[in-house]
Amino acid sequence: MLTSLAPQLAFSERMEESNTWRNPVDLVALLEDAFERLPAPRPREAWDGRTEIVEITLGGEPAEILEALLGALGDGAPPAELASAVTYAAATRIARFPTSNEFGDWDTALHTFTFANAVEQGLRRSPSRELLRGVLDAAMSVHLDRFLNVPAVRLPEPKDGADIDELAALLDEQQRVNEAGQLVASYLGTGGDADRVVATLGACLLREDRNFHTIQCVEAAVRQHELTGDGLPLIAAARYLAAHAPTARAQRQTFEIARRLHRGERIYEDEPAA
């Protein structure tokens, strides 16, 4: 088992080694300078800079974003809350992802979101200066993903009469991305139960031939909603799930065979003649 790890370690590449992190702006140099200037966190209970950090992370230039993050830390932003703002910006990229993009670009936005979420959860469990650097990395990744929101899809306005149970039917068809986002936004925006949204997303996830990316997306979105009470991450998860549905849904057959074998049923017998 250990030898199987050697090729992964020997041939892996860091994103900082890719051209996009070096040109046309050398993000690595900017980050290294910012790491040296990271202030010691002096968190205060009432930090009100979240909205500003989200906006500048989504729309600012790299140096401007890093200065804003460093300034927020100096002004008393709790590290986990600063990370939460960056994670929210990353979720916004998915919530506003236009379907005119290349299909594989969904995962580009997803990787930033799940990385930012992982850094945030790490800071909540075991904060450290080293892990705080990941917040700056995540913000630069959100910046690099800006082209995935050109033009950005408008966040859906809530409409009356939404039934979250209709999500499963939407996912029976390809590319009902915007409709799925609209449904979740309308249901939540008109007083719907967020727990039902989470349960429905989970049920829809389980019936598909889900992969690690899809599981990551839904898990991170649910966690973000639990922490902030904001519905945007759930809208993002619904859109991502809709973009990757329907699948062949063959995994359910595998699970059904395993269940029947566990019960001792015979599954490889000829059916009796009529």
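In contact with a helix residue (DSSP H, G or I) (Cβ under 9 Å, 6 or more places away or on another chain), within 22 Å of residue 111 (Cβ to Cβ) and free of Cβ contacts under 8 Å to residues at least 24 places away in the same chain: is that true of residue 65 in this structure?
On the way: in contact with a helix residue (DSSP H, G or I) (Cβ under 9 Å, 6 or more places away or on another chain): yes; within 22 Å of residue 111 (Cβ to Cβ): yes; free of Cβ contacts under 8 Å to residues at least 24 places away in the same chain: no.
It is false that residue 65 is in contact with a helix residue (DSSP H, G or I) (Cβ under 9 Å, 6 or more places away or on another chain), within 22 Å of residue 111 (Cβ to Cβ) and free of Cβ contacts under 8 Å to residues at least 24 places away in the same chain.
Residue pairs, Cβ under 6 Å, 6 or more apart or interchain, first in segment 242-260 and among the polar types (S, T, N, Q), second modelled with pLDDT of 85 or more. List them.
Listed pairs, sorted by first residue: 247/208; 247/209; 251/209.
For segment 123-175: of the residues being part of a helix (DSSP H, G or I) and acidic (Asp, Glu), which is nearest to the chain's Cα centre (by Cα)? I'd like the intermediate steps shown before the answer.
Within segment 123-175, the first condition is being part of a helix (DSSP H, G or I), and the residues that meet it are 123-125, 129-149, 164-170.
Subset that is acidic (Asp, Glu): 130, 137, 145, 165-166.
Values: 130: 22, 137: 15, 145: 13, 165: 23, 166: 23 Å.
Among those residues, the one meeting the criterion is 145.
Only one of (1) in contact with a helix residue (DSSP H, G or I) (Cβ under 7 Å, 6 or more places away or on another chain); (2) touching a residue at least 24 places away in the same chain (Cβ under 8 Å); (3) surrounded by fewer than 22 Cβ atoms within 10 Å (Cβ to Cβ) is not met by residue 85, so which one is it?
In the conditions (1) in contact with a helix residue (DSSP H, G or I) (Cβ under 7 Å, 6 or more places away or on another chain); (2) touching a residue at least 24 places away in the same chain (Cβ under 8 Å); (3) surrounded by fewer than 22 Cβ atoms within 10 Å (Cβ to Cβ), residue 85 misses (3) alone.
Among the residues of segment 227-247, is there at least one that is more than 24 Å from residue 99 (Cα to Cα), touching a Phe, Trp or Tyr at 6+ places or on another chain (Cβ under 9 Å), at pLDDT 95 or above and not in a helix (DSSP H, G or I)?
no
Among the residues in segment 88-96, are any more than 16 Å from the chain's Cα centre (by Cα) and outside the structural domain of residue 224 (by TED's automatic domain parsing)?
No, segment 88-96 contains no residue that is more than 16 Å from the chain's Cα centre (by Cα) and outside the structural domain of residue 224 (by TED's automatic domain parsing).
Restricted to segment 202-226, and to residues that are of a type in the set (A, V, I, L, M) and over 14 Å from the mean Cα position of the chain (by Cα), which residue is modelled with the lowest pLDDT?
Within segment 202-226, the match that is modelled with the lowest pLDDT is 206.
Residues are listed down the side, and each one gets a yes or a no for (1) outside the structural domain of residue 227 (by TED's automatic domain parsing); (2) over 23 Å from the mean Cα position of the chain (by Cα); (3) surrounded by fewer than 16 Cβ atoms within 10 Å (Cβ to Cβ); (4) over 20 Å from residue 125 (Cα atoms):
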residue	(1), (2), (3), (4)
46	yes, yes, yes, yes
51	yes, no, yes, yes
57	yes, no, no, yes
60	yes, no, no, yes
65	yes, no, no, yes
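The values are calculated or read from the model by the stated rules, or taken from the named source; none is laboratory data. Values in this document were obtained by computation on a predicted structure and should not be read as measured data. In this analysis, Cβ positions are derived from the backbone assuming ideal geometry, glycine residues included, and neighbour counts consider all displayed protein chains.
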